[in-house]
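These notes concern the structure reproduced below.
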Amino acid sequence: NHDCLILLPLLLPRMFYHLELSKDIPLQPNHFDSNCRQTLIDRLLSEVEGSCPSRYGFIIAVTNITYIGGGRIDETFGHAVYPLKYQAIVYRPIKGEVVDAVVRSVNKLGVSADVGPLQIFVSHHHLPRDMKFEPENTPPCYISEDQSTKISADDEIRVRIISVQKDAPNITAVASMTGDYLGVISGG
């Protein structure tokens, strides 16, 4: 399994890239038929879309398959291995980016939220100073002193990424809600 990185021009925000990648796909002999090409394509899509090779970020979607090479027999396992090259949209979070997230849970430590496949955490230290945790509320939430703003599960928030951790096979981030134009978008 080898990967090749080529950045292709694409007018998307900075955290999205259009990359040319490659992957070796093994194929068992019972798939050596007239549908072999489609089987390879299907297997490639199922293996890479939604995956997170930490070097690149999250592979959101394969946009084009540019090459399917001839299979070579793997004598150890008895299957053929086909080299494929493809282009894909990749989501790689970057420190300093502002993103919209959906709150997954709230506890005394802070807020857990999702930005597509990216899991982020906003520590209570990175929430606005007037936000206090209210565990007795149903559901538990953070509420501002004047009670005008509330953060609870399923709310949409805008945060700034302050650090990114790349631990294969996942990428997680820590974010802040303190700053101009950050905070609750909808919900609370």
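Which of the aspartates and glutamates could a cross-linker span from Lys108 if the Cα-Cα distance has to be under 15 Å and same-chain partners fewer than 8 positions apart are dropped?
Candidates past the 8-residue exclusion: Asp130, Glu134, Glu136.
Mean residue ellipticity at 222 nm from the helices of the chain, using -39,500 (n - 2.57) per DSSP H segment of n ≥ 4 over the full residue count, to the nearest 500 deg cm²/dmol? Don't jump to the answer; show the numbers that get you there.
Values: 1 runs with 13 residues, N = 188.
Helix contribution divided over all residues of the chain: -2000 deg cm²/dmol.
Provide the per residue accessible area, probe 1.4 Å, for the chain, rounded to a whole number of square angstrom.
On the way: 10530 Å² over 188 residues.
For the chain, the per-residue accessible area is 56 Å².
Between the alpha-carbon centers of segment 35-51 and segment 142-188, tell me the distance in whole angstrom.
35
Report the calculated FRET efficiency for Ser163 and Asp100 (r = Cβ-Cβ distance, R0 = 22 Å), to the nearest 0.05.
On the way: r = 18 Å, r/R0 = 0.84.
So the FRET efficiency works out to roughly 0.75.
Using the Karplus equation 6.51 cos²θ - 1.76 cosθ + 1.60 (θ = phi - 60°), what ³J(HN,Hα) coupling, rounded to whole Hz, does each residue of segment 73-87 give in order, writing x for Gly and Pro?
Going residue by residue, I get 6, 8, 5, 5, 10, x, 10, 9, 10, 10, x, 10, 10, 8, 10 Hz, with x marking Gly and Pro.
Report the gain in length on full extension from Lys132 to Ile73: 0.36 nm times residue separation, minus Cα-Cα distance, nm rounded to one decimal.
15.0 nm
Round to the nearest 10 and give me the degree value, 0 to 90, for the angle of helix 36-48's Cα axis relative to the longest principal axis of the chain.
Tilt of helix 36-48: around 30 degrees.
Could you tell me which trypsin sites (Lys or Arg not before Pro) in segment 17-110 are loop residues by DSSP with no more than 16 other beta carbons within 10 angstrom of their beta carbon?
Working: sites: Lys23, Arg37, Arg43, Arg55, Arg72, Lys85, Lys95, Arg104, Lys108; in loops: Arg55, Lys95, Lys108.
Filter output for segment 17-110: Arg55, Lys95, Lys108.
Put one equal scatterer on each alpha carbon of segment 84-188, apply the Debye formula with no solvent term, and list log10 I(q)/I(0) at q = 0.18 1/Å to two decimals.
-0.80
List the lysines whose Cα lies under 27 Å from the Cα of Lys85, skipping any in the same chain that are fewer than 8 positions away.
Once the sequence-local lysines are set aside, what remains near Lys85 is Lys23, Lys166.
Using R₀ = 25 Å, calculate the FRET efficiency as 1/(1 + (r/R₀)^6) where r is the Cβ-Cβ separation of Gln28 and Ala61; round to 0.05. Provide the component values of the computation, followed by the final result.
Details: r = 26 Å, r/R0 = 1.06.
Plugging the Cβ-Cβ distance into 1/(1 + (r/R0)^6) gives 0.40.
Using a 1.4 Å probe on the protein heavy atoms, what percent of the accessible area of the chain belongs to carbon and sulfur? Spell out each step's value before the answer.
On the way: 5360 of 10530 Å².
Here carbon and sulfur together make up 51 percent of the probe-accessible area.
The values are calculated or read from the model by the stated rules, or taken from the named source; none is laboratory data. Not measured: the values here are computed from a predicted model. We place every Cβ from the backbone using ideal geometry, glycine too, and count neighbours over all the protein chains shown. Protein only, heavy atoms only, side chains kept; ligands, DNA and RNA dropped before computing areas. Shrake-Rupley method; radii C 1.70, N 1.55, O 1.52, S 1.80 Å.
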